[in-house]
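Contents: one structure, followed by commentary.
The values are calculated or read from the model by the stated rules, or taken from the named source; none is laboratory data. Here the structure is a predicted model, which means the values were calculated and not measured. Positions of Cβ are generated from backbone atoms using ideal geometry, with glycine treated the same way; all protein chains shown enter the neighbour counts.
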Amino acid sequence: MRGFRIALIGWSLLLPAAVYGQASIAGTVKDASGAVLPGVLVEASSPVLIEKARSATTDGTGQFKIIDLRPGTYSVVFTLTGFSALKRDNIELTGSNTATINADLMVGSVSETLTVTSEAPKTTVTASINASAGGMAASQTIRVIPPFTKTCSTPAQCCIASGGIWSGKVCM
């Protein structure tokens, strides 16, 4: 008989703890057109939770369920890339109830920052030129001159204006 009393006392102590942590939040997440959204991160947060937040992800039918929540006041945040985040506050959980919180997410703006850092390429062109084209050697390295918009009256002026060195008939 004594063993029965100990078991009865043990069960009576454990029963409130089991009931205490059985509340849950469940629902369905859709977009503005009514289509279900799989892969939405749903996070419930409350000061009554030891870990301060619990999360779940919607399944292929857009449904989620966060279980074993302590009674208290919760905030739920729904996030998915490409959609505006949605937050629901003051969700009151008592006893072992399941609060149904459905959400409709709106398409948000997607912004990306692309930073490209580059230097201008240093270009050297090697060209084969026919010896009859002004007395140049058969193979000569020619420096690529950056474009400019100045008007020149002679090739020498153009060469010097663009930062080159004029040597008779060739701009280097």
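Whether a residue is modelled with pLDDT of 95 or more and either β-branched (Val, Ile, Thr) or at negative phi (or both) was assessed, and Leu37 passes this test. For the range 45-70, which residues satisfy the criterion of being under 22 Å from the mean Cα position of the chain (by Cα) and hydrophobic (A, V, I, L, M, F, W, C)? The answer is Ala53, Ala56. Scanning the range 21-33 for residues that are part of a loop (DSSP other than H, G, I, E, B) and touching a residue at least 12 places away in the same chain (Cβ under 8 Å) yields Gly21, Gln22, Ala32. Please count how many residues of the range 54-84 are surrounded by 14 or more Cβ atoms within 10 Å (Cβ to Cβ) and either of a type outside the set (D, E, K, R) or touching a residue at least 60 places away in the same chain (Cβ under 8 Å) (or both). Residues that pass the stated criteria total 18.
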